[in-house]
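Everything below concerns the one structure shown next.
The values are calculated or read from the model by the stated rules, or taken from the named source; none is laboratory data. Worth saying up front: this structure is predicted, and the values here are computed from it rather than measured. Because the Cβ atoms are built from the backbone with ideal geometry, glycine has one as well, and the counts that use them run over all protein chains shown. These area figures cover heavy atoms from the full protein model, side chains too; ligands, DNA and RNA do not enter into them. Shrake-Rupley method; radii C 1.70, N 1.55, O 1.52, S 1.80 Å.
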Amino acid sequence: MSSEVDGNALGGDLAEIFAVDLTGAAVTCGGCKTVSAVAALLVWGPAPGLVARCPECEDVVLRLVRAPGQAWLDLRGAVSVRIPLPAPE
Amino acid sequence: MSIISPGFGGRRRSSRPDLPPGQYLTHDFPVLSAGPTPRVPLDRWSFTVTDELGQKTSWNWEEFNALPQEEFTVDIHCVTKWSKLGTTWKGVALDTIFENLESSADYTMVHSYGGYTTNVPVEDLLDGKAWIVHTFDGEPLHPEHGGPARLLVPHLYFWKSAKWVNGLQMIPQDEPGFWEEAGYHMYGDPWREQRYQGD
Ligand SMILES: [Zn+2]
């Protein structure tokens, strides 16, 4: 597991695609249904792409591939992503 | 359209006609992984071809090593832009694996321990263009580089050369594998710079 880092490694790329910091979002694993903070995911990469795995079962929950001028975000391994937003005034 | 250069000699190295567009030369062997390195004990290793009817043909480690072995030297090209020239491997040609198999499928899905997949057309595995290798540079293939055995398809980008390979599934229609689902090219010819979908 030498190339393993945690989900904070996803922060920069996700912030470029979404307008909010997603490292505090909660992702539900499609395999074991465990809910984990994005920052707690196990991450391999960055090349050929970022692969984020569930810290509980190691199933892939997120893939992010960066190419010049475009990015692919594959979330099929996640049941859902809960994104914290500012509460309305 | 074979671009393999068996027995690569240093003579052509100065002008580098063997470096595909956009690639740079490395003498390291970078490790790229999409997950934890599976540790597969040899007495539990097997390689299985599943045809389009679901029939399986398997080789255990002993049977696989009893197949005719080839030693060869080829250039490898990673989509992350490094190329490594004149790498020497030993293993079993896919021609040997396919010898007694009957299948009319035109495509394969390559499967690995750990769950990795990649798609390769059958014709790119035949005629001495692809091997299941277990030895690199005279040494048993290190787990970080795909040992006990990996696929080697040197004329395509290196993500097609699946590490920790454990099987091939014959499929009638082309389907995307692990990286092809997430933006990478379905075929991956380094000489045409087929890195991403649409290249
Ligand atoms: Zn899980």
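Worth pointing out:
- The apolar share of the surface of the protein assembly as shown, taken as the fraction of accessible area on carbon and sulfur atoms (1.4 Å probe, ligands and nucleic acids excluded), comes to 50 percent.
- For chain B, the per residue solvent-accessible surface stands at 45 Å², with DNA, RNA and ligands left out and a 1.4 Å probe.
- Shown here: the stretch B:43-192, whose C-alpha atoms stretch 39, 34, 29 Å along the first, second and third principal axes, sorted largest to smallest.
- Set B:Lys81/B:Lys129; A:Lys33/B:Lys129; A:Lys33/B:Lys84; B:Lys56/B:Lys81; A:Lys33/B:Lys81; A:Lys33/B:Lys56 screened for pairs whose C-alpha atoms are more than 31 Å apart: A:Lys33/B:Lys129; A:Lys33/B:Lys84; B:Lys56/B:Lys81; A:Lys33/B:Lys81; A:Lys33/B:Lys56
- Karplus (6.51, -1.76, 1.60) ³J(HN,Hα), θ = phi - 60°, over the stretch B:54-59, in Hz, Gly and Pro reported as x: x, 6, 10, 10, 10, 10
- A versus B: buried accessible surface, summed, Å² (probe 1.4 Å, to nearest 100): 1600
- Distribution of pairwise C-alpha distances over the stretch B:13-66, 10 Å bins, in %: 16, 23, 25, 27, 8, 0
- Projection of the Cα convex hull of chain A, averaged over all directions and equal to a quarter of that hull's surface, yields 6.1 nm².
- When its C-alpha radius of gyration is set against 2.2 N^0.38 Å (N residues), the protein assembly as shown gives a value of 1.06.
- Seen from B:Pro68, the other residues with C-beta closer than 10 Å to its C-beta sum to a net charge of -3, counting Lys and Arg as +1 and Asp and Glu as -1.
- Expected 222 nm ellipticity per residue - DSSP helices of 4 or more, -39500 (n - 2.57), all of the protein assembly as shown, to 500: -1500 deg cm²/dmol
- Averaging 1/r over every pair of different alpha carbons in the stretch B:15-103 and inverting the result gives a Kirkwood radius of 16.3 Å.
- Per residue Cα convex hull volume in Å³ - calculated over the stretch B:129-170: 76
- Size of electric dipole in the protein assembly as shown: Cβ of Lys, Arg +1 and of Asp, Glu -1, about Cα centre, debye, nearest 20: 660
- For the pair A:Gln70 and A:Ala15 in one chain, pulling the backbone fully straight at 0.36 nm per residue adds 18.4 nm over the alpha carbon distance.
- Between the stretch B:68-103 and the stretch B:22-47, the alpha-carbon centres lie 14 Å apart.
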